[in-house]
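One structure below.
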Amino acid sequence: MSEVRLRGVSKAFGLLQAVRDVSLDIDRGELMAVLGPSGCGKTTLLRTIAGFERPDAGCVVVSGEVVAGPGRFLPPERRRIGMVFQDYALFPHLTVAGNVAFGLANRPRGEREALTRRTLELVGLQHKTERHPHELSGGERQRVALARALAPEPALVLLDEPFSSLDATLRAGLRREVELILRDAEATALLVTHDQEEALSLADRLAVMREGRIVQVGAPEEVYVRPASRWAAQFVGEVNILAGVARGTGVETELGIFDLHAPASGTVHVAVRPEQLELRADREANAEVIDREFRGHDVLYRLRHEAGRVVLVQLPSLELYEVGERVFVRPAPAAVTTLVD
Ligand code: ATP
């Protein structure tokens with residue numbers, strides 16, 4: 001059963017339609033990420049679910065209860081929703097325990113203490129309960145924010161760009177940590193981010209958002225491997241969009257023949273990921289390396305193909321080609337592509 005149900009949710013600010021007719025289901029215990037470029041309406045969607053914005057149309061259902069809809073609007077504190085903000089928004093004058101207990105003010109003292117203790121153990125901060133936020137590292141502060149959101153055992157946890165104020169190394173480690181904490185808590189969570197890697201690695205399912213609309217929902221691998229449109233293909237990861245002629249389960253392009261996920265015929269465009277191509281240093285070269293971006297575990301090459309187009313190819317960093325080198329680019333074995341508009 002879905003823990004959260006959005007149906008036809010829209011929200012405008014004056015003439016600007018920030019969220020357009022969004023329908024989305026989040027299952028109990030599921031970690032869903034909304035991924036989209038800056039300004040596409042992610043935060044507005046989150047704030048509408050939380051109750052900080054009133055939708056112009058549609059309804060929001062949490063745990064079977066309509067929290068926003070025609071003639072009904074519950075304030076944030078009555079929605080059983082926990083929030084983790086971009087800047088954590090911790091109370092500086094309260095201790096770690098005080099911050100976590102804050103949302104439990106209406107509970108009996110014994111229960112409040114037990115929930116605070118249990119949640120701080122869950123995030124691994126049981127030894128720092130009397131510290132103040134300024135005495136904590138960025139990662140610890142974020143765990144306090146997460147504990148504060150989780151302590152009242154909400155039906156849904158909303159996280160708005162929770163890693164954006166952390167440096168890259170800390171981000172990756174903390175991402176996994178936050179995921180494990182959410183899974184331990186069996187929380188249903190919706191995370192908003194513009195970081196593809198974050199969304200792909202963390203979420204059970206992604207909702208890709210563009211100009212206020214959800215344009216694709218699916219498991220990360222599904223969205224990556226079978227993007228619903230050219231835009232989605234280009235937004236989630238790097239991609240080559242190639243023109244080709246489809247004949248059944250194969251498509252012929254200027255880079256060679258690829259398999260297709262679903263049979264097609266006629267003139268089409270396909271999305272070929274950079275790792276679906278391979279290179280050979282060859283006398284019959286058909287491309288030249290014009291740029292090489294070394295990324296540690298892999299290298300992204302930009303090639304000028306003889307047909308004139310720029311082609312992106314990703315290879316393990318063990319396989320190095322020089323800028324200016326002539327190479328032969330072709331489909332990697334078993335590269336399966338998908339049609340895009
Ligand atoms: P980012 O990733 O940059 O945070 P976002 O996808 O979260 O962006 P929103 O913050 O939801 O996008 O904004 C969507 C659009 O609505 C933007 O054009 C923004 O300027 C506008 N907007 C957001 N809040 C308001 C407001 N209170 N009043 C007027 N316009 C707003």
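Miscellaneous remarks
- If you run the Gaussian network model on the chain, springs between alpha carbon atoms under 10 Å, then out of F258, F73, F13 the most flexible one is F13.
- Loop trypsin sites (Lys or Arg not before Pro), segment 232-287 (other Cβ atoms within 10 Å of the site Cβ: 11 or fewer; DSSP): R283
- Placing unit charges on the Cβ atoms only, positive for Lys and Arg and negative for Asp and Glu, gives the chain a dipole magnitude near 1180 debye about its Cα centre.
- Residues whose amide H falls under 5 Å from that of E53, counting only those 5 or more places apart or on a different chain, are T48, with hydrogens built in the peptide plane.
- Area accessible to solvent at M209, 1.4 Å probe radius, in Å²: 0 Å²
- Rounded to the nearest whole Hz, the Karplus-based 3J(HN,Hα) values (6.51 cos²θ - 1.76 cosθ + 1.60, θ = phi - 60°) of segment 259-272 follow the sequence 7, 10, 5, 9, x, 8, 8, x, 6, 9, 10, 10, 9, 10, with x at glycine and proline.
- Amide H within-cut-off set for A185, under 5 Å, with H built and near neighbours excluded: none
- An oblate overall shape is assigned to segment 35-155, the ratio a/c of its alpha-carbon gyration tensor axes (a ≥ b ≥ c) being 1.5 or greater and a/b not exceeding b/c.
- Apportionment of accessible area to carbon and sulfur, segment 207-341, percent (1.4 Å): 49 percent
- Within a Gaussian network of the chain (alpha carbon springs, distance under 10 Å), most fluctuating of S201, S317, S23: S317
- Rounded, prolate or oblate (a/c below 1.5 giving rounded, otherwise prolate when a/b exceeds b/c) for segment 218-341 by Cα gyration tensor: oblate
- The charge dipole of segment 275-341, taken about its Cα centre with unit charges on the Cβ of Lys, Arg, Asp and Glu (plus for the first two, minus for the last two), comes to roughly 80 debye.
- Applying the Kirkwood pairwise sum to the alpha-carbon positions of the chain produces a hydrodynamic radius of 22.3 angstrom.
- Ordering of 167-174, 323-330, 93-100 by burial proxy (mean other Cβ atoms within 10 Å per residue, highest first): 93-100, 323-330, 167-174
- When the chain is treated as a Gaussian network with alpha carbon springs shorter than 10 Å, the biggest mean-square fluctuation among G39, G138, G296 belongs to G296.
- A dipole drawn for segment 167-318 from +1 and -1 charges on Cβ atoms has a positive end, and of V236, V299, L200 the residue lying farthest that way is V236.
- Percent accessible area from carbon and sulfur atoms, segment 48-147, protein chains only, probe 1.4 Å: 51 percent
- For segment 32-122, the list of trypsin sites (Lys or Arg not before Pro) that fall in a loop by DSSP and count at most 14 other C-beta atoms within 10 angstrom is empty.
- Per-residue SASA remark: D27, around 70 Å² accessible (1.4 Å probe; ligands, DNA and RNA not included).
- Charge sum, other residues only, whose C-beta stays under 14 Å from P220's C-beta, Lys/Arg counted +1 and Asp/Glu -1: -4
- Solvent exposure of segment 79-141 as accessible area per residue, Å², 1.4 Å probe: 56 Å²
- Degrees between helix 109-122 axis and first principal axis of the chain (Cα, 0 to 90, nearest 10): 20 degrees
- The phi torsions of segment 89-106, fed into the Karplus equation with coefficients 6.51, -1.76 and 1.60 and a -60° offset, translate into couplings of 6, 7, 7, x, 8, 9, 6, 4, 4, x, 4, 6, 6, 3, x, 10, 4, 8 Hz, rounded to whole numbers, with Gly and Pro shown as x.
The values are calculated or read from the model by the stated rules, or taken from the named source; none is laboratory data. Being a predicted model, the structure only gives us computed values, none of them experimental. Cβ sites come from the backbone with ideal geometry, for glycine too, and all protein chains shown count toward neighbours. Surface accessibility is based on the protein's heavy atoms, side chains included, excluding ligands, DNA and RNA. Shrake-Rupley method; radii C 1.70, N 1.55, O 1.52, S 1.80 Å.
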